[in-house]
Amino acid sequence: KTIFLEFYANWCPICAAQAPALNEGFSKLKSDSIVAFRVNYKDSDTDADETELAKKYNITYQHTHVVVDAQEKVLLKSQETWSAEDVVEKVGAFSN
């Protein structure tokens, strides 16, 4: 499967504002080949596994979007704010 990772901080206003668009976009994707996860990043909910995942993908800033393939190869990395349509276009492009 293609994996979408949203590096999110509970104190980040951009992350909070972005959440509805991401949720809407993923609700519009009609593919079983994509799975999405929110990863806590440098906030009070971040655990050791999430810290390691951020290191693995060289995350330096919250509200970073990362799309990886089944072999964990980075297909897309973005710190831009996405609309629901961006999710469908950018993540959907990697659906099978």
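The values are calculated or read from the model by the stated rules, or taken from the named source; none is laboratory data. Remember, predicted model here, so these are calculated numbers, not experimental data. In this analysis, Cβ positions are derived from the backbone assuming ideal geometry, glycine residues included, and neighbour counts consider all displayed protein chains. What goes into the accessible areas is simple: the full protein's heavy atoms, side chains included, and nothing from ligands, DNA or RNA. Shrake-Rupley method; radii C 1.70, N 1.55, O 1.52, S 1.80 Å.
Odds and ends about this structure:
- In the range 1-13, the residue that is most open to solvent (accessible area, probe 1.4 Å) out of those that are of a type outside the set (D, E, K, R) and more than 18 Å from E50 (Cβ to Cβ) is P13.
- Looking across the range 5-27, just one residue is touching a strand residue (DSSP E or B) at 6+ places or on another chain (Cβ under 8 Å) and of a type in the set (D, E, K, R), and that is E6.
- Within the range 68-96, the set of residues being in contact with a helix residue (DSSP H, G or I) (Cβ under 6 Å, 6 or more places away or on another chain) and aliphatic (A, V, I, L, M) comprises A84, V87, V88.
- Residues of the range 51-66 that turn out to be buried (at least 20 other Cβ atoms within 10 Å of the Cβ) and within 20 Å of T2 (Cα to Cα), as a count: 6
Yes/no per residue for (1) within 13 Å of the chain's Cα centre (by Cα); (2) open to solvent by 70 Å² or more (accessible area, probe 1.4 Å); (3) not hydrophobic (A, V, I, L, M, F, W, C):
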{"position": "C15", "(1), (2), (3)": "yes, no, no"}
{"position": "I34", "(1), (2), (3)": "yes, no, no"}
{"position": "R38", "(1), (2), (3)": "yes, yes, yes"}
{"position": "T46", "(1), (2), (3)": "no, no, yes"}
{"position": "T81", "(1), (2), (3)": "yes, yes, yes"}
{"position": "E85", "(1), (2), (3)": "no, yes, yes"}
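- Enumeration of residues in the range 1-48 that are small (G, A, S) and in a loop (DSSP other than H, G, I, E, B): A9, S31, S33, S44
- Complete set of residues in the range 49-96 that are part of a strand (DSSP E or B) and touching a Ser or Thr at 6+ places or on another chain (Cβ under 6 Å): H65
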